[in-house]
C-alpha cells in the first residue's frame, strides 16, 4: 500500500501547533530585525495541512488574514472542508494537491508552514519545499520548516528499524500497527531494568510509544520515508535555494547559557553562530528542529533588541511550585506550567508580573503596563518603592525574554479581551462547538492550544449554547447517562449522582474558561 493510502486510512492528527502561529513567527522575526507582516492582516500557506486543524483556527480568530492549506490526502482535505463550511469561513481554503505541482499561481505569502513534512518526503519533494519557500515568500516573509535531526534521532531511528523489520511481511496498515505494538511491548519488557546505557535509551523510547496514538506511531515509525539531518546540512540546502536561516522557534536552544559552563565555554569559543548551533545540537543530542527561514535578501540580524518587546502584550499561566512568590528579594523560585514545565525566576518584578498574568489568563497585558503594575505590587511586599529603578527594569525585561525564549511566556502584537468567568448561561465559541460536533477530539483556543476533549467534555461543549444554566446542563447530562447515551458513573442516590455530574461540569467549564473556549 502507498504512503498516500496510509494517510487516508490513518489520518495524521490535525491539531493547533502553537509555534506555527503568525503571532509567534512575527515576534521572533521582529526580534531578529525582520519587519514581518502583521498577523492580523497576513497571508499564510501550510504545506501538508492534513485536515486544516492548524490553520482553520487561525482563520477563525484572524478574520482579516487569508489562509491556504495543501495536502495530498483527499480524505483529510474533505474532513477539514466540513469544518470550514460549518463555520462559514471565507478566508481559508484547503486544496487537495501534490506539493510538486504547486507554483506562483498560489500568490505571495507572509508565512509558510511545513510541519511534519520535510523529513517524511523524498529528496525531490524536499527540494521543492525549499524552492516554494523562496518563490512564494514575501520579501519579509518567514518559512517554518520542522524536521528530525541527527544525532539525537538515531535512538528513535533504531526503534524504527526494528519495527520496520518486524512488520516487513505484514499487509494492511492496521495489521502493521497491531504487530508494531506487539513488538513495542516486547522491547519494553526486554529493556526494563537493564543497566546498559543503550538499553536504557531504548526503554525510554519504547515507553513513550506505549501511549502514542496510532497516527503518530504509524507515520513516524512505519512509513517508507523518514530521514534525519544535521542542522548544518539543512542550512546548506536552504542557502542553495537562496534562503537564509533566521532562528529556531525554540529560542532557548540558541543560547549556550542552557549548557553546563564548561560546554558553554567551548561553544562560545566558536566564531560562527551556525557552528555554535550545530555543536549545541551534538551536546544536547537534539532530535527535532523547528527552523525559521527567510529570503537571502531579507534584512535579518542575529542581534536581538529587547526594546522590541515594548508595545507587545504578554500572557502566561504559571504558578509558584511551593508557597507564595517572594516579592521581597532577588531569590530564585521555581514556577510551573499546567503542562509540567518548570522555570526558575529570580527578579521580584518578574514574580509579581507572573502573578498578575496568571490572574488574568488567558488575557494578555501590554509589556510596559505589566512592568508598572508589577512594580505597584512589589512595594507592598517589602520591595522597592515607587517606579522601578532602571537596573531592576532591565533585569525584568531580560528575565521576561528568557521566559519567552523558554516558551513559558508568550508575546503577541495584539490586545485581547477574553472571558475570565462563565455567564449564567454559558455559550461555547462557534469553533469549539463545531470541533466538538465533528468529533475532532480537541478544541482550539485563541492562544492556538488544543484542549483535549473526552466524550464527556465533547458532549458538554455541545450543550453550552447559551440556553441553559450549568445546573440545567448537569441535569441533562445525567439524563443522557441514565439512558445509556453517555458513559459516566450513575451509581448511588439521585442527588449524589447529580452533584457528581455538577462538579465535573464546573471543573470542565473552568478549564474552558482558561482556554477561552467560551464566547464573550
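All of the numbers you see were taken from the coordinates with simple rules; none came from a lab. In this text the structure is predicted, and so the values were computed from the model without any measurement. Here the Cβ is made from the backbone with ideal geometry for all residues, glycine too, and neighbour counts use every protein chain on show.
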Given a Förster distance of 41 Å, report the FRET efficiency between residue 265 and residue 41 from their Cβ-Cβ distance, rounded to the nearest 0.05. 0.35
Give me the number: length gained by fully extending residue 199 to residue 496, i.e. 0.36 nm times residue separation minus the C-alpha to C-alpha distance, one decimal in nm. 101.9 nm
Taking 8 Å as the Cα distance limit and 6 or more residues as the minimum spacing, I'd like the relative contact order of the chain as a percentage. 14
Quick shape check on the range 430-514: root eigenvalues a ≥ b ≥ c of the Cα gyration tensor, a/c under 1.5 is rounded, otherwise prolate if a/b tops b/c, else oblate, and it reads prolate
Using a Förster distance of 35 Å, the FRET efficiency for residue 186-residue 283 (Cβ separation, nearest 0.05): 0.60
Determine the distance separating the Cα centre of the range 100-128 from the Cα centre of the range 1-76; give it in Å without decimals. 12
Distance from the range 154-217 to the range 437-452 (C-alpha centre basis), Å: 29
State, as an integer percentage, the relative contact order of the range 309-412 based on alpha-carbon contacts under 8 Å between residues 6 or more apart. 34
Could you state, as a whole-number percent, how many of the C-alpha pairs of the range 383-482 are farther apart than 22 Å? 52
Can you compute the FRET efficiency between residue 98 and residue 503 using 1/(1 + (r/R0)^6), with r the Cβ-Cβ distance and R0 = 30 Å? Round to the nearest 0.05. 0.05
Of the candidate values (1) 44, 30, 21; (2) 42, 25, 25; (3) 34, 34, 26, the one computed for semi-axes √(5λ) of the Cα gyration tensor in Å from this structure is (3)
Answer rounded, prolate or oblate for the range 172-257, using the Cα gyration tensor with square roots of eigenvalues a ≥ b ≥ c: rounded when a/c is under 1.5, else prolate when a/b is larger than b/c, else oblate. oblate
What is the packing order of peptides 49-57, 73-81, taking the mean over residues of other C-beta atoms within 10 Å and listing the highest first? 49-57, 73-81
Based on the mean of other beta carbon atoms within 10 Å per residue, what is the order of 146-154, 111-119, 12-20, most packed first? 111-119, 12-20, 146-154
If contacts are Cα pairs under 8 angstrom and at least 6 residues apart, what is the relative contact order of the range 153-221 in percent? 38
Out of the DSSP beta bridges found with both residues in the chain, what percent are antiparallel (nearest 5)? 55
